[in-house]
1. Would you point out which residue out of VAL67, VAL59 is surrounded by 10 or more Cβ atoms within 10 Å (Cβ to Cβ) and at pLDDT 90 or above?
2. Take the residues in the stretch 5-36 that are surrounded by 10 or more Cβ atoms within 10 Å (Cβ to Cβ) and among the basic types (Lys, Arg); name whichever of them is modelled with the highest pLDDT.
3. Could you check, for the stretch 6-16, whether at least one of its residues is within 12 Å of the chain's Cα centre (by Cα) and either hydrophobic (A, V, I, L, M, F, W, C) or on the phi < 0 side of the Ramachandran plot (or both)?
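The values are calculated or read from the model by the stated rules, or taken from the named source; none is laboratory data. Quantities reported herein were computed from a predicted structural model and do not represent experimental measurements. Positions of Cβ are generated from backbone atoms using ideal geometry, with glycine treated the same way; all protein chains shown enter the neighbour counts.
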Amino acid sequence: MAETNAEVRKFLATKATINFPIVMDYDGTALKDWGVYAFPTSYVIDKQGKIRYALFGSVEWDNPDIVRKIEKLINE
């Protein structure tokens, strides 16, 4: 939300390596539909499109507790 495609591409090219889709929400529809109230908000979504895990605010993705939770979801 609020960043351009170019800004997001630059960030991903220089600051992060990911292999999952990013939602570009130009008009705020996804924020409303998903009930986002904190920035950043991150969701882990299963193959059926169901939100299985939500993180609100800044997080360390390599935190052992978070890694364990995500690994458990992957292995279901």
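1. Values: VAL59 fails: at pLDDT 90 or above.
Just one listed residue meets the conditions, VAL67.
2. LYS10
3. Quick first cut of the stretch 6-16, residues within 12 Å of the chain's Cα centre (by Cα) only: none.
Scanning the stretch 6-16 turns up no residue that is within 12 Å of the chain's Cα centre (by Cα) and either hydrophobic (A, V, I, L, M, F, W, C) or on the phi < 0 side of the Ramachandran plot (or both).
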